[in-house]
């Protein structure tokens, strides 16, 4: 098992044209900002990721945070928020971690009102660096539904390789499999 408890609470972030942003590990103190961001993003996120990682009520946000913390302790995954000042702009997660093989999934969402500014790429770059440099992972997979054009563009900007179509992969729907592999 990869010890996710030793990973940093804050990740380095490349400069953005949006302004100063941080990538901060999801914690109980983020309940309100996660809920606010999720309300703004729900219509665009839920078709692709469901509601578990996009909680729109304070109770659901608290449950989400508690569940993500439990999953971190079991080695299943780790979740970070993209923050600007005191506002949450999006969420990114590395999950389905297979410690023996050094693989996992990369997932993310960005609020639609700030989409198209490179923020998803910025968030993912921080998570990719974490996965390969600090967690010792070898491969990250992104499963993206064919109609999710913004996420397909993010995968391509990240340099992920399209490996094929996985039938009925996301809630019974098809998804393209993109992969990133560590250098070395």
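Each value in this text was obtained by applying a stated rule to the coordinates, not by laboratory testing. Computed from a prediction, not measured in an experiment: that's the story for all the values here. Positions of Cβ are backbone-derived with ideal geometry, glycine not excepted, and every protein chain shown enters the neighbour counts.
Classify the range 12-75 as rounded, prolate or oblate from the Cα gyration tensor: take a ≥ b ≥ c as the square roots of its eigenvalues, call it rounded if a/c is under 1.5, otherwise prolate when a/b beats b/c and oblate if not.
Oblate, because a/c is 1.5 or more while a/b does not exceed b/c.
Ranked for footprinting exposure by Cβ neighbours inside 10 Å, fewest first, 178, 76 give 76, 178.
Annotation: for a label point projected 7 angstrom from Cα along Cα→Cβ of residue 70, residues of the range 76-98 with backbone N closer than 17 Å are 76-79, 96.
Taking each residue as 0.36 nm, the span from residue 15 to residue 157 lengthens on full extension beyond its C-alpha to C-alpha distance by 49.5 nm. Using the Cβ-Cβ distance between residue 29 and residue 5 with R0 = 25 Å, the FRET efficiency computed as 1/(1 + (r/R0)^6) comes to roughly 0.90. What whole-number distance in Å separates the alpha-carbon centres of the range 80-131 and the range 143-162? Cα centres, the range 80-131 to the range 143-162: 14 Å. Of all beta bridges that DSSP places with both ends in the chain, some 90 percent have antiparallel geometry.
For a label point 7 angstrom out from the Cα of residue 51 toward its Cβ, which stretches of the range 20-37 have the backbone nitrogen within less than 14 Å? Label zone hits: none. Anisotropy class assigned to the range 38-117 is prolate, per the alpha carbon gyration tensor with a/c at or over the 1.5 cut-off and a/b larger than b/c. Annotation: the residues 170, 78, sorted from fewest to most other C-beta atoms within 10 Å of their own C-beta, follow the order 170, 78.
Residue order for 51, 171, fewest other beta carbons within 10 angstrom first, comes to 171, 51. Taking label positions 7 Å along the Cα-Cβ direction at both residue 171 and residue 59, the computed distance is 2.1 nm, reported to one decimal. For the chain, pairs of C-alpha atoms spaced more than 22 angstrom apart make up 42 percent of the total.
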